[in-house]
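The next block holds one structure in the form of C-alpha cells; read it before the comments.
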2 protein chains.
Amino acid sequence: MALVLIKLGGSLITDKEKPYTARPEVMQRLAREIHYIRAQNPNLKLIIGNGAGSFGHQSAKKYNTIEGFVSPSEKMGFCLVHQDVLDLNLLLAKIFLQTGLPVVSLPPVTMVVTENQKLIERNFSCIDNSLATDLIPLVFGDVVLDKEIGGTILSTDTLLAELAKYFLKQNQDKIILINAGDYPGVRDRKGDVISLITKSNYCEIETALGLSHSVDVTGGMKKKVEEFLAISSLGIDCWILDGSIPENLVRAVLGKPTSGTLIRAF
Amino acid sequence: MALVLIKLGGSLITDKEKPYTARPEVMQRLAREIHYIRAQNPNLKLIIGNGAGSFGHQSAKKYNTIEGFVSPSEKMGFCLVHQDVLDLNLLLAKIFLQTGLPVVSLPPVTMVVTENQKLIERNFSCIDNSLATDLIPLVFGDVVLDKEIGGTILSTDTLLAELAKYFLKQNQDKIILINAGDYPGVRDRKGDVISLITKSNYCEIETALGLSHSVDVTGGMKKKVEEFLAISSLGIDCWILDGSIPENLVRAVLGKPTSGTLIRAF
C-alpha cells in the first residue's frame, strides 16, 4: 500500500503579503486535484499537511514563539499562534470536505513534544488510526510543547518528514513526500530548475544553493534539500514542485512528467 | 495542587433550537468568570470542556455518527461532525483568548480510541503537558475512531470523567468536576432542586429521576447522576449547576454557597 505525504505550502494557499488572507480558489483547485488522485488510486493512503502562511506568522513573529515562552504574554502568544494555524487549517478542511474528501483535522500539538526545540516524543497513533479507516489526516505547522522552553514551533516540513520515517517502519510499500509550493523547484546557479538531485550530483549543486539569492532568501532551500536527501536515502522519493501549476501535483503522484525537482537517493 | 474540570454545556453556550448558533455573550461572561477564578487561585489547574450544542448535533444526527460508519457518506458525516465541533470550540477559544485566558484547543479525536463505543485507549499526555506549562486545555465533545465500527461520538461528560479519574491517579490534591448547564440542577419529584446527593440519599431520589419528565426528557439526568456518584466515590466532588446564573460557577469553584446540586460520596 503506497503512502503519499503532501505539503501544501503556506505561500501557495495564502497570500503571504496580506495577514490572514487565504487563497480559497487555489485550495479548491488543489482539493479537486487530490480528489482526482484518490479516484485514480482508491488504495492510496494520503496525509496532507499545510503551511501556516500569513496566518501563523503574525503572532509567531510578534511573540517569537519559536524561542519558547517565559512571560505571560509570550504564553498567550503561543496560544494565539495555535488558534491562528487552526483557523487556516479549518478553512482548508472545509473546502476539502465540500469537495468530498474525508479529511480529519489533527493538530500536531497533541502528537509531538520537544526539548530545546529537539523532537523527543512522537505519538502518531491518531494518524495511524485515521489511515486505517481510510480517512485523510490533515495536519499543519503548529505550536508544540517543549520540556525546556515551554513551547516552540514545529514546521509542516519537519512533521511530514517525521511521519514519512514513522510509516516507513510500518512497512508501507512505497512512500512519496511532496512539497508543493509556489516556486518551480530547486534552481541551479543559472536559475534553471534542477530536475533530479541525488547524492552523486549534490556536491555540484550545494554551492549554488548556499549562494544564490534567487533560490530562497532565508537560505531555507539548502536545509530543505539536505533534509530531503537524508529522507530519500531511506528509500522515500521527495518532490519539490510548483503547486500553482494546475495538474502538476497530480502528475507527480501518478508518476507522469512533472515540473519540479525530484530528490532521490540514487 | 487542585484541579477543576469544567464542562460548559452545549445548551448553555449555543442556542439549541437554532443550528450553528453560538451565544457569544454567554461565552464572554463565562470567560470573565473563569479569568476571575484564576486570578483568585493562581495555582489552580483548569481543564475546560464544551458541549457541541447546535453545532455538533446537526451532522451527528443526519449521519447517525454515534453508531459508526460503513458507507462513504457516513464517513464524510464523521468528518463533518469533527469540523463542526471544532468550529464551535474555536469560537469559544477565541473569546477565551481575548479575555486573557491561555487556552489551547485539543481535539479528543487525537486522545481516545474506542471499540464498539467502549473506550479502550487513552492518551492524555498533551493535557498533562499543557497543565505542566500552566496552559488551560480546552477540550470538547468530539468524534473518535473506533476499532470495530469505524468511529463514534465521545461526549464531553465522558471525556471529563475519564480525565478526572486519570488525574486522580497522578496525585492531584483535590479534584472538582463541574457540569454547568442551563438548568438549575437535579430536581426531586416536586420539582425542587436537590442540593446534595450522596450514596445514602440516592435511593430516595432514584425513582424521581427515572420518572419525572421535568428532569430530562432523554432520561440523561439519571445516567449523569449515576456517573457522577461513581466518580464521587473516588473522592471527586461533582457539581451540576446552572451556568446561566452569573457568578454561580465562580461560587462553586471558590467553595461559596452555590445554586445547584453537589454530588459527593458521603
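The values are calculated or read from the model by the stated rules, or taken from the named source; none is laboratory data. All values reported here derive from a predicted model rather than from experimental measurement. Positions of Cβ are generated from backbone atoms using ideal geometry, with glycine treated the same way; all protein chains shown enter the neighbour counts. Ligands, DNA and RNA are excluded from the accessible area calculation, which covers all protein heavy atoms including side chains. Shrake-Rupley method; radii C 1.70, N 1.55, O 1.52, S 1.80 Å.
Among the residues examined, B:V113 does not qualify as under 29 Å from B:D15 (Cβ atoms) and part of a strand (DSSP E or B).
Would you call A:G68 farther than 16 Å from A:E148 by Cβ and more than 7 Å from chain B (Cβ to nearest Cβ)? Answer is no for this residue.
Of everything in the range A:45-64, what is among the hydrophobic types (A, V, I, L, M, F, W, C) and under 19 Å from A:S105 (Cα atoms)? Give them in sequence order. Listed by number, the residues that qualify are A:L46, A:I47, A:I48, A:A52, A:F55.
Filtered by the rule that a residue be out of contact with any Gly (no Cβ under 6 Å at 6 or more places or on another chain) and acidic (D, E), the range A:57-85 gives A:E67, A:E74. What about B:S130, is it away from chain A (no Cβ under 11 Å) and either under 17 Å from the mean Cα position of the chain (by Cα) or of a type in the set (S, T, N, Q) (or both)? Spelling it out, it is not the case that B:S130 is away from chain A (no Cβ under 11 Å) and either under 17 Å from the mean Cα position of the chain (by Cα) or of a type in the set (S, T, N, Q) (or both). For the range B:102-118, residues that are touching an Asp or Glu at 6+ places or on another chain (Cβ under 8 Å) and more than 9 Å from chain A (Cβ to nearest Cβ) total 6. Consider the range A:138-148 and keep the residues that are out of contact with any His (no Cβ under 8 Å at 6 or more places or on another chain) and within 10 Å of chain B (Cβ to nearest Cβ). The one that is farthest from A:N43 (Cα to Cα) is A:K147. Under the condition of being of a type in the set (A, V, I, L, M, F, W, C), touching a residue at least 24 places away in the same chain (Cβ under 8 Å) and surrounded by fewer than 24 Cβ atoms within 10 Å (Cβ to Cβ), the residues counted in the range B:67-87 number 1. Give the range A:130-154 a look and list any residue that's among the polar types (S, T, N, Q) and without any contact (Cβ under 8 Å) to a residue 60 or more places away in the chain, or say none. Across the range A:130-154, the qualifying residues are A:S130, A:T133. Among the hydrophobic types (A, V, I, L, M, F, W, C), over 30 Å from A:G255 (Cβ atoms) and not in a strand (DSSP E or B) - does that describe any residue in the range A:91-98? Yes, some residue in the range A:91-98 is among the hydrophobic types (A, V, I, L, M, F, W, C), over 30 Å from A:G255 (Cβ atoms) and not in a strand (DSSP E or B).
Please specify each residue of the range A:71-88 satisfying the condition of being of a type outside the set (K, R), over 20 Å from the mean Cα position of the chain (by Cα) and within 11 Å of chain B (Cβ to nearest Cβ).
The answer is A:P72, A:S73, A:E74, A:M76, A:G77, A:F78, A:C79, A:L80.
For the range A:246-266, filtering for residues that are in a loop (DSSP other than H, G, I, E, B), free of Cβ contacts under 8 Å to residues at least 40 places away in the same chain and open to solvent by 60 Å² or more (accessible area, probe 1.4 Å) leaves 3.
Within the range B:88-105, track down each residue that is open to solvent by 30 Å² or more (accessible area, probe 1.4 Å) and either on the phi > 0 side of the Ramachandran plot or touching a residue at least 40 places away in the same chain (Cβ under 8 Å) (or both).
The answer is B:L91, B:Q98, B:T99, B:G100.
Within the range B:9-44, the set of residues being open to solvent by 80 Å² or more (accessible area, probe 1.4 Å) and either in contact (Cβ under 8 Å) with a residue 12 or more places away in the chain or closer than 24 Å to B:L86 by Cβ (or both) comprises B:K16, B:E17, B:K18, B:Y20, B:E25, B:R32, B:Y36, B:Q40, B:N43. A:I6 meets all of the listed conditions (1) farther than 16 Å from A:L159 by Cβ; (2) surrounded by 15 or more Cβ atoms within 10 Å (Cβ to Cβ) but one, namely (1).
Can you find, within the range B:206-219, the residue that is farthest from B:T261 (Cα to Cα) among those that are open to solvent by less than 50 Å² (accessible area, probe 1.4 Å) and modelled with pLDDT of 75 or more? Here the residue is B:A208. With a requirement of 1 or more residues that are open to solvent by 30 Å² or more (accessible area, probe 1.4 Å) and over 24 Å from B:T258 (Cα atoms), the strands (runs of 3 or more DSSP E) lying completely within the range B:116-192 that satisfy it span B:118-122, B:150-154. Given the criteria touching a residue at least 12 places away in the same chain (Cβ under 8 Å), aliphatic (A, V, I, L, M) and open to solvent by less than 10 Å² (accessible area, probe 1.4 Å), does A:I47 qualify? Yes.
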